[in-house]
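The values are calculated or read from the model by the stated rules, or taken from the named source; none is laboratory data. It should be emphasised that the depicted structure is a prediction, and the values quoted were computed from it without experimental measurement. Here Cβ is always computed from backbone atoms with ideal geometry, including for glycine, and neighbour counts include all displayed protein chains. Protein only, heavy atoms only, side chains kept; ligands, DNA and RNA dropped before computing areas. Shrake-Rupley method; radii C 1.70, N 1.55, O 1.52, S 1.80 Å.
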There are 2 protein chains.
Amino acid sequence: MNRLARMTLCFAVVLFLAMPALAQDQKVRWKLAMTWTSTLEPLALAGPWLAEMVSEMTDGNFEIRFEGAEKHKAALEILDMVKGGQFEMGHSASYYWKGKDVTTTFFTTAPFDLNAAEQYGWYYYGGGLELMQKVYSKFDVYSFPGGNTGVQMGGWFRKEIKSLDDLQGLKMRIPGLAGEVFAKLGVNVTNIAPGELYTALDRGTIDALEWVGPGMDIKMGFHKITPYYYAGWQEPASELQFLVNKAAFDKLPPAYQTVLTTAMQAIAFKMTAANFEANARAWEQMKAELPDIKVMTFPEPVLKAMKAATDEVMAGYAAENPEFKEVYESRKAYLAVARPWTKVSEQYYIETSDVVAE
Amino acid sequence: MNRLARMTLCFAVVLFLAMPALAQDQKVRWKLAMTWTSTLEPLALAGPWLAEMVSEMTDGNFEIRFEGAEKHKAALEILDMVKGGQFEMGHSASYYWKGKDVTTTFFTTAPFDLNAAEQYGWYYYGGGLELMQKVYSKFDVYSFPGGNTGVQMGGWFRKEIKSLDDLQGLKMRIPGLAGEVFAKLGVNVTNIAPGELYTALDRGTIDALEWVGPGMDIKMGFHKITPYYYAGWQEPASELQFLVNKAAFDKLPPAYQTVLTTAMQAIAFKMTAANFEANARAWEQMKAELPDIKVMTFPEPVLKAMKAATDEVMAGYAAENPEFKEVYESRKAYLAVARPWTKVSEQYYIETSDVVAE
């Protein structure tokens with residue numbers, strides 16, 4: 001072999017080795033942990049939807065495997081697992097980290113706060129996304145909207161709530177900020193594991209409880225013991241959450257970063273529609289098959305007391321936590337702009353549907 | 001050069017030529033035409049948002065150039081231009097094709113019909129997307145949701161509408177199905193080019209007009225002549241539209257098809273938030289700076305007559321057009337499932353905001 005032939009062969013071999021390497025460089029394998037078990041639809045669709053979209057957009061070069069809580073057994077430790085890097089991503093809800101940082105609750109929802117359309121306005125145009133990254137930067141993760149559940153129901157009660165007196169000494173399972181609000185109104189607030197809720201109601205350990213909404217509540221059988229089902233005030237727009245390990249995201253090729261953020265946005269949109277569908281179907285079924293459930297709204301003095309107690313709880317946190325105060329004030333300012341438009345557009349429109357109904 | 005050297009050199013050359021060819025294969029250059037002029041935000045953001053997302057996700061290999069109406073001069077001919085292939089894509093609104101096919105109006109909105117959350121439920125889970133592709137297949141294009149404007153306002157009136165008598169002989173600019181409804185109620189319905197609306201009002205050629213919503217209406221100055229501004233009934237959830245030339249889409253590599261559909265979903269979501277923001281800000285500004293505008297709701301007998309006339313108009317089209325009937329019935333069925341949930345969740349929640357407001 002002469003010198004030219006050797007050089008050429010060498011060059012060809014280098015090219016050959018380089019080609020698969022170029023493709024190999026782009027290969028990414030990630031894992032995503034969900035708070036939900038794999039069968040909890042529609043929430044648990046976040047995993048398969050994301051995996052499929054991202055894989056298709058990258059010709060299979062960016063693969064995301066997802067695990068439900070039945071496998072990783074750490075439903076409420078998603079933030080730690082994504083921070084630690086055992087999973088590059090999670091799908092959960094921001095208010096599960098209230099114990100670590102109370103400000104995270106705002107990125108899900110808060111009592112008497114923004115509805116879903118208003119909250120998306122705040123996220124995209126009212127500084128919400130920036131505040132979310134700021135709050136989460138201390139955990140070395142990025143956080144993104146992951147779809148909205150819509151307004152959650154106010155809970156199941158054994159007896160009608162006619163006045164504030166009916167709340168005194170009532171034993172109720174209601175977590176989070178709403179639990180703090182009810183505690184201020186004299187409710188004996190407790191927390192009980194989901195698997196024991198029905199038994200606790202049945203034995204009188206609790207008199208009332210707040211769970212989610214018709215789609216998930218009916219299966220639990222609460223209506224057999226607590227026939228009064230109240231409309232919601234405490235979670236007007238529960239937003240789900242994608243969490244992404246910061247170092248892992250920053251290492252991605254720029255194209256894959258946009259593939260991921262675009263897919264998450266598309267999924268937030270689809271998930272919101274999926275939750276609407278699930279709630280609407282469950283409500284229809286409930287009204288048809290369980291006509292004895294008494295759908296109620298809280299009386300005006302009770303709502304006003306809840307609102308005053310909410311303001312007190314929020315002011316308490318704001319006084320001691322500047323970051324909480326910053327997010328709280330940002331949301332209040334957006335609500336003041338958004339709500340008048342919501343009322344003249346959406347609220348008036350739904351009212352006309354009652355007027356014109358035969 | 002010996003035989004081996006020649007073969008090796010030849011092989012190296014082939015490899016060299018093949019490499020850029022592999023990348024070149026994936027290069028796609030498309031054009032998108034918008035109904036909107038480039039400065040009409042937020043609607044005109046659809047073009048730059050899509051171009052940026054798609055380019056980033058494909059490392060610049062799939063480029064979409066966008067044109068506003070000021071350039072292509074054919075704002076209301078987007079469907080024809082996408083069908084004909086002059087543009088591979090468009091961003092517009094489906095009801096602009098009412099003259100070609102009245103069924104297309106449903107994919108924007110219809111009087112007394114689904115609100116935005118309900119309509120997304122219908123699109124994704126009530127068969128809406130499938131019906132849309134069926135209706136558009138006759139034009140050889142695919143159609144996708146492109147973002148929602150929310151509830152549009154009911155229009156500007158010189159005098160208060162106290163009863164149906166006040167509609168008799170009223171000269172009003174109101175296009176589409178709502179115009180047909182008002183014609184049935186004795187309104188003298190006309191169409192006037194946007195640029196001449198103010199003058200027509202000023203000279204008394206018309207007494208009233210329907211335009212869009214606060215963000216776009218105030219700039220037109222209508223309030224100076226017609227101080228009564230009515231809440232909406234005729235466009236509860238105007239959805240924008242992406243149109244894609246079918247042959248062009250089908251030729252795309254599968255990865256690029258998913259890149260495009262995912263980006264369109266993400267943009268529909270962002271656009272809906274952008275419209276909410278624009279309307280809310282404009283409403284706030286209007287209330288502060290133009291307190292003499294009288295914001296009104298139509299009286300109950302007028303709303304009931306509008307609803308009866310809407311049902312008549314729809315029944316008329318349904319009787320002669322089986323495809324119209326199919327989509328109309330699909331939407332009515334979804335509304336029957338969706339609205340009770342909307343009322344117990346969103347409507348009740350917004351009502352509580354009035355109750356608890358100080």
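Tabulated values for the structure
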read-out: Cα-based shape type of segment B:251-358, given that a ≥ b ≥ c are square roots of the gyration tensor eigenvalues and the cut on a/c is 1.5; value: oblate
read-out: Solvent-accessible area per residue, Å², over chain B with all protein chains present [probe radius 1.4 Å]; value: 40
read-out: For the pair A and B, total buried accessible area rounded to nearest 100 Å², probe 1.4 Å; value: 7900
read-out: Modelled label reach - B:V212, point 7 Å along Cα→Cβ, segment B:281-304 residues with backbone N closer than 14 Å; value: B:281-283
read-out: Cα gyration tensor shape for segment A:271-332, rounded if a/c is under 1.5, else prolate or oblate; value: oblate
read-out: Average partner coverage of A:55-61, which counts Cβ from other chains inside 10 Å; value: 5
read-out: Global form of the protein assembly as shown, assessed from the alpha-carbon gyration tensor, a/c cut-off 1.5; value: oblate
read-out: Chain A, relative contact order in percent, only Cα pairs under 8 angstrom and at least six apart counted; value: 22
read-out: Heavy-atom SASA rank of A:H91, A:H72 (probe 1.4 Å, accessible area, largest first); value: A:H72, A:H91
read-out: Inter-copy spacing of B:L40 label points, which lie 7 Å from Cα along Cα→Cβ, given in nm from shortest upward; value: 4.5
read-out: Value of [θ]222 nm, deg cm²/dmol, for the protein assembly as shown, DSSP H segments ≥ 4, -39500 (n - 2.57) each, nearest 500; value: -16000 deg cm²/dmol
read-out: Cα-based helix-to-principal-axis angle, A:116-125 vs chain A, degrees rounded to 10; value: 40
read-out: Accessible area of the protein assembly as shown belonging to carbon and sulfur atoms, whole % at 1.4 Å probe; value: 55
read-out: Environment charge at B:P299 (Cβ cut-off 12 Å; Lys +1, Arg +1, Asp -1, Glu -1); value: -2
read-out: Label distances, nm, A:P322 versus same residue in remaining copies, Cβ-directed 7 Å point; value: 7.1
read-out: Between helix A:128-137 and chain A: long-axis angle, C-alpha atoms, 0 to 90°, nearest 10; value: 70
read-out: Two-site label geometry, A:D292 and A:K134: point separation in nm, points 7 Å out along Cα→Cβ; value: 5.3
read-out: Length-normalised contact order for segment B:145-215 - Cα pairs under 8 Å, 6+ apart - percent; value: 44
read-out: Distances in nm from A:G221 to the matching label points in the other copies, shortest first (labels 7 Å along Cα to Cβ); value: 7.1
